[in-house]
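Below you'll find the structure, written out as structure tokens, and then a few comments.
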Amino acid sequence: MRQDPAPAADVAVIGGGTIGLSIAWRAAQRGLRVVVLERGEVGGGTSRYAAGMLAPVAEVTPGEEPMLDLGLRSARLYPEFVAELTAAAGAADIGYTRCGTLLVARDADEAEALERELMLRRRFDLPVERLLASEARRREPGLAPALRLALDVPDDHAVDPRRLVPALAAAVRAAGGEVREHCPVVSVALAGGAVHGVVLSDGGELRAAQIVIAAGVWTGELGGLPESALIPVRPVKGQIMRLHDPAGPGLLSRVIRMGPTYITPRGDGRYVLGATSEERGFDTTVTAGAAFELLRDAAELVPGISELVIDEFAAGLRPGTPDNLPAIGPAEIGGLHWAVGHRRNGILLTPITAELIATALAGEPLPGWAAPFTPGRFIPSRSAAAAVEQAA
């Protein structure tokens, strides 16, 4: 009797951003044969335009408690993750800084909003300090006198995604994995209700025992899966600016957040200013209005921002789901795993997502606290079955 040949890979990871690469690295460390398939250059999509804030505390909002828990777990992994990655990749520096965050208010309304945010953080027993304007300016002399109030969040950190990505790719290769760039996947191949491999744009097929979809906003372009099994992922546009100070570092040492706008220092005189949040599909044009608003909001609180040199103004696409929570874990289809929908927290959630998916790839059950991110919550059949079971 004829037998099918052994798969070319134990795991095929579709998507070469920080999420896909980190999963491949952790899987390769477990002894699995891993191939990363990236439609363009690794890190050329959402990861390239991310600011790299590791800010589960600064970004928490009411109703996002599951995301807060996941973000805190991932943030706690980051120091060891970075140390292990730099050693594995032979990288001297991936731009990881323990800078902290200042949330600042310009007027009475914003100060009142900060007071509410303070209460929320204290309710969860998160590290945060309320600062009068004078103390905030003492800690960050670059702030304007117009400042009304600030919250200091010391445990928020930052990393440079444009250094993180090549380090992850090097770590995958060092662990025995393969990274293929400019290798678009057209569809997932199924056989007997389970994954069989992937079909590539050149017509070739890569056989794989398990498949991880980490394709971000391009998830919807994958064929081969029944519509009922798909995770709904949409692009959320974010316009973002990169600048540098010819005089070198010193303008800011912490991330400054004012409402939806933030300034992230890289520690070497470079800064990231962002970001808009726009539901405009796959539009990546940049607009004068967005540039004006970002610079205006930043300059009101950090006047020195107007003296910086603009190096880049671009728009990236964040992958969002209907409930704004990522889908992480095994699918209904055998051998298929999802790691999509991280929206604005992809860099932050890189270590924890890699750990969860590597656990699933090894055939181990995911911990109970990961239940809010189960991909099955988007599958109608499972939701209906769960409802019937609960009613009974």
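The values are calculated or read from the model by the stated rules, or taken from the named source; none is laboratory data. Since the structure is predicted, the reported quantities are computational estimates derived from the model, not experimental observations. Please note: Cβ atoms are built from the backbone with ideal geometry, for glycine as well, and neighbour counts cover all protein chains shown.
Structure summary
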| read-out | value |
| --- | --- |
| Some residue of region 212-231 being touching a residue at least 60 places away in the same chain (Cβ under 8 Å), more than 27 Å from Val34 (Cβ to Cβ), among the charged types (D, E, K, R) and outside any loop (DSSP other than H, G, I, E, B) | no |
| Count - residues of region 201-211 that are part of a strand (DSSP E or B) and more than 24 Å from Ala27 (Cα to Cα) | 0 |
| Strands (runs of 3 or more DSSP E) contained entirely in region 300-359, each with at least 3 residues that are surrounded by fewer than 24 Cβ atoms within 10 Å (Cβ to Cβ) | 309-320 |
| Checking Val186 against (1) more than 16 Å from Val42 (Cα to Cα); (2) surrounded by fewer than 16 Cβ atoms within 10 Å (Cβ to Cβ); (3) modelled with pLDDT of 95 or more, the condition it does not meet | (2) |
| In region 195-239, the residues that are under 19 Å from Thr18 (Cβ atoms) and out of contact with any strand residue (DSSP E or B) (no Cβ under 6 Å at 6 or more places or on another chain) | Trp218 |
| Region 146-194, residues that are of a type in the set (Asp, Glu), more than 16 Å from the chain's Cα centre (by Cα) and part of a loop (DSSP other than H, G, I, E, B) | Asp155, Glu181 |
| Some residue of region 148-157 being charged (D, E, K, R) and exposed (fewer than 14 other Cβ atoms within 10 Å of the Cβ) | no |
| Condition met for Arg207 (in the same structural domain as Ile379 (by TED's automatic domain parsing) and over 18 Å from Ile379 (Cβ atoms)) | yes |
| Condition met for Arg116 (out of contact with any Gly (no Cβ under 9 Å at 6 or more places or on another chain), closer than 28 Å to Gly142 by Cα and not in a loop (DSSP other than H, G, I, E, B)) | yes |
| Search result, residues across region 277-297 that are at pLDDT 95 or above and surrounded by 15 or more Cβ atoms within 10 Å (Cβ to Cβ) | Glu278, Thr284, Val286, Ala290, Ala291, Glu293, Leu294, Leu295 |
| Test: residue in region 256-271 that is over 27 Å from Val57 (Cβ atoms), assigned to a strand (DSSP E or B) and touching a Lys or Arg at 6+ places or on another chain (Cβ under 9 Å) | no |
| Count of residues meeting criterion [assigned to a loop (DSSP other than H, G, I, E, B) and either at pLDDT below 95 or of a type outside the set (Asp, Glu) (or both)] in region 7-44 | 14 |
| Region 56-95, subset crowded, with 16+ Cβ neighbours inside 10 Å and among the β-branched types (Val, Ile, Thr), residue farthest from Ala171 (Cα to Cα) | Val60 |
| Condition broken by Gly269, with the remaining ones in (1) on the phi > 0 side of the Ramachandran plot; (2) in the same structural domain as Gly197 (by TED's automatic domain parsing) satisfied | (2) |
| Members of region 227-267 found to be more than 18 Å from the chain's Cα centre (by Cα) and over 24 Å from Leu103 (Cβ atoms), listed by number | Glu227, Ser228, Ala229, Leu230, His244, Pro246, Ala247, Gly248 |
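Here's the yes/no breakdown for (1) of a type in the set (Lys, Arg); (2) surrounded by fewer than 19 Cβ atoms within 10 Å (Cβ to Cβ); (3) assigned by TED's automatic domain parsing to the domain that holds Ala27:
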{"position": "Pro127", "(1), (2), (3)": "no, yes, no"}
{"position": "Ala136", "(1), (2), (3)": "no, no, no"}
{"position": "Gly176", "(1), (2), (3)": "no, yes, yes"}
{"position": "Glu181", "(1), (2), (3)": "no, yes, yes"}
{"position": "Ala191", "(1), (2), (3)": "no, yes, yes"}
{"position": "Ala194", "(1), (2), (3)": "no, yes, yes"}
